[in-house]
Amino acid sequence: MKYDVRIENISAATMTSTESGYGLIDDAAVLVQGDKIGWVGKRSEAPAGTADKTVDGNGGLLTPGLIDCHTHLIYGGSRASEFEELLTGTSYTEILKRGGGILSTVRDTRNASLEELTKAANRRLSSLIKEGVTTVEIKTGYGLDFETERKIIQAMKNLEKQTDITVKKTFLGAHAVPREYEKKSDAYIELVCNKMIPAFAGDVDYADVFCESIAFSLPQTKRVFEAAQQHGLKIRVHAEQLSNMGAASLASEFGALSADHLEYIDEAGVRNMADRGTTAVLLPGAFYFLREKKIPPIDLFRRYSVPMAVSTDSNPGSSPCLSILLMLNMACTLFHLTPEEALQGVTINAVKALGLENECGTLEKGKTADMALFNVKSPAELAYTMGGNLCVKVWKAGKPVFSAAVE
Ligand SMILES: [Zn+2]
């Protein structure tokens with residue numbers, strides 16, 4: 001058998017099942033054939049034969065390419081000046097009154113050209129790729145009108161072409177009530193359901209709703225789920241972030257792939273998620289940045305075997321985060337996940353949140369050859385370290401997409 005690439009002098013965290021933890025193989029070899037993983041195991045047992053190219057891993061750790069399964073990477077402008085104002089005494093109400101907050105991002109996103117949006121998002125995405133990310137989910141939701149939502153979807157397609165990374169696309173028209181629909185949120189929901197979802201369903205993979213007192217009600221959320229399902233879109237939801245609205249249970253009834261945030265979910269909600277196989281996406285960056293106090297009920301997720309994914313929630317308002325590795329650390333320090341659970345959260349469990357479990361998220365024969373090589377001796381170092389980039393090489397579908405200057 002002939003292979004294209006042989007990676008050796010590594011240990012491999014295969015992440016092949018949540019029971020086996022890291023699924024660690026010491027002194028491993030991985031053989032790549034085309035865009036797929038052809039063989040994984042102990043180097044001493046590697047099949048005889050040749051590979052066109054051998055990569056010396058220098059004793060590092062090979063993991064599956066990481067998956068960032070919840071981001072809002074595409075937006076115009078920046079909210080850094082608001083951050084500064086808040087910290088020098090201006091109240092959030094004052095900022096909102098003069099059109100700040102999410103509505104300022106909506107304004108800046110509407111004003112930005114497609115090229116500007118793509119370029120800014122590409123810069124953010126390249127930070128993630130350099131840390132080993134090979135699949136990213138991105139949501140719309142800073143347009144809130146037909147043309148701008150469409151522009152954001154086009155920017156996602158551009159990003160996919162420019163980076164070769166898999167970009168899974170989520171329509172989040174129901175992210176906030178736009179200014180022109182103030183006090184007419186039902187009318188906006190009708191626009192989302194009757195015009196946007198039918199027009200965009202062919203271009204996106206999922207639909208999402210921000211169900212919260214400051215965004216959309218449970219009946220409005222249900223209305224969007226119904227329209228999404230009619231048009232063949234899989235469902236995910238921003239649920240129970242600031243209060244327990246019952247959105248995770250509702251989404252589970254609709255067979256949602258994931259419910260995300262979940263700080264305020266109760267036991268009945270967790271049980272409903274478990275019954276329907278919905279993944280919990282934990283977003284420690286937003287929890288940290290908003291200085292929240294109530295952490296998601298991790299023990300309940302464990303008890304009911306609800307898979308836990310971890311993601312950056314990269315967005316300008318509540319998680320201006322460009323580091324998936326920092327999220328591993330925060331998932332452990334803030335939410336008390338184990339380093340093993342944190343790494344599962346960006347590999348085997350993150351693909352469950354995206355419905356990609358047959359394609360990537362583990363190192364095993366037949367999966368897409370998405371891989372990241374880290375300059376660490378043990379997997380726990382990935383979650384332990386704060387800052388700095390431990391990643392030295394990234395492959396997407398067998399092709400190198402990042403290589404550190406000094407390995
Ligand atoms: Zn979000």
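The values are calculated or read from the model by the stated rules, or taken from the named source; none is laboratory data. As the structure is a prediction and not an experimental result, all values here were calculated from the model. Here the Cβ positions follow ideal geometry from the backbone for every residue, glycine too, while neighbour counts run over all protein chains shown.
When you scan region 59-72, do you find a residue that is more than 16 Å from the ligand (Cβ to nearest atom), outside any loop (DSSP other than H, G, I, E, B) and surrounded by fewer than 16 Cβ atoms within 10 Å (Cβ to Cβ), even just one?
yes
Across region 338-368, what is the number of residues that are under 22 Å from SER378 (Cα atoms) and part of a helix (DSSP H, G or I)?
Final tally of qualifying residues: 10.
GLU190 versus (1) more than 16 Å from the ligand (Cβ to nearest atom); (2) not in a helix (DSSP H, G or I): which is the lone unmet condition?
(2)
If you check GLY101, GLY77, which single one turns out to be surrounded by fewer than 24 Cβ atoms within 10 Å (Cβ to Cβ), within 16 Å of the ligand (Cβ to nearest atom) and closer than 20 Å to PRO320 by Cβ?
GLY101
Conditions (1) buried (at least 21 other Cβ atoms within 10 Å of the Cβ); (2) farther than 20 Å from HIS72 by Cα, marked per residue:
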residue	(1), (2)
CYS211	yes, no
GLY232	no, yes
GLU240	yes, no
LEU250	yes, yes
SER258	yes, no
GLU263	yes, no
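Out of the residues in region 264-295 meeting the condition of being within 13 Å of the ligand (Cβ to nearest atom) and assigned to a loop (DSSP other than H, G, I, E, B), tell me which one is farthest from VAL209 (Cα to Cα).
Checking each candidate, the answer is LEU290.
All but one of (1) charged (D, E, K, R); (2) over 20 Å from the mean Cα position of the chain (by Cα); (3) farther than 25 Å from PRO198 by Cβ hold for LYS222, so report the exception by its number.
(3)
Just name the residue that is farthest from the ligand (Cβ to nearest atom) out of those in region 229-243 that are within 10 Å of LEU262 (Cα to Cα) and not aliphatic (A, V, I, L, M).
SER243
Does ARG303 count as modelled with pLDDT under 95, among the basic types (Lys, Arg) and away from the ligand (no atom under 12 Å from the Cβ)?
no
Considering only residues of region 196-228 that are among the aromatic types (Phe, Trp, Tyr) and in a strand (DSSP E or B), which is nearest to the ligand (Cβ to nearest atom)?
Checked region 196-228; the qualifying residue nearest to the ligand (Cβ to nearest atom) is PHE210.
Would you check if there is a residue in region 80-91 being surrounded by 15 or more Cβ atoms within 10 Å (Cβ to Cβ), aliphatic (A, V, I, L, M) and over 26 Å from ALA353 (Cα atoms)?
yes
Are any of the residues in region 95-113 modelled with pLDDT of 95 or more and part of a loop (DSSP other than H, G, I, E, B)?
So far as region 95-113 goes, yes, one or more of its residues are modelled with pLDDT of 95 or more and part of a loop (DSSP other than H, G, I, E, B).
Which residues, counting only those in region 141-165, are part of a loop (DSSP other than H, G, I, E, B) and within 16 Å of the ligand (Cβ to nearest atom)?
GLY141, TYR142, GLY143, LEU144
What are the pairs with Cβ atoms under 9 angstrom where one residue, in region 129-140, is within 13 Å of the ligand (Cβ to nearest atom) and the other, located anywhere, is small (Gly, Ala, Ser) and part of a strand (DSSP E or B)? Sequence gap at least six, or different chains.
THR140/GLY173
Which condition breaks for ARG291 when tested against (1) closer than 21 Å to GLY101 by Cβ; (2) in contact (Cβ under 8 Å) with a residue 12 or more places away in the chain; (3) not β-branched (Val, Ile, Thr)?
For ARG291, the failing item is (2).
From (1) within 19 Å of ALA256 (Cα to Cα); (2) β-branched (Val, Ile, Thr); (3) surrounded by fewer than 24 Cβ atoms within 10 Å (Cβ to Cβ), pick out the condition that doesn't hold for VAL346.
Result: VAL346 passes all but (3).
Can you tell which of GLY355, GLY361 is within 18 Å of ILE165 (Cβ to Cβ), crowded, with 24+ Cβ neighbours inside 10 Å and modelled with pLDDT of 95 or more?
GLY361
Would you check if SER311 is modelled with pLDDT of 95 or more, of a type in the set (S, T, N, Q), buried (at least 19 other Cβ atoms within 10 Å of the Cβ) and within 17 Å of the chain's Cα centre (by Cα)?
Spelling it out, SER311 is indeed modelled with pLDDT of 95 or more, of a type in the set (S, T, N, Q), buried (at least 19 other Cβ atoms within 10 Å of the Cβ) and within 17 Å of the chain's Cα centre (by Cα).
Among the numbered criteria (1) crowded, with 20+ Cβ neighbours inside 10 Å; (2) in a loop (DSSP other than H, G, I, E, B); (3) on the phi < 0 side of the Ramachandran plot, which one does LYS377 miss?
(1)
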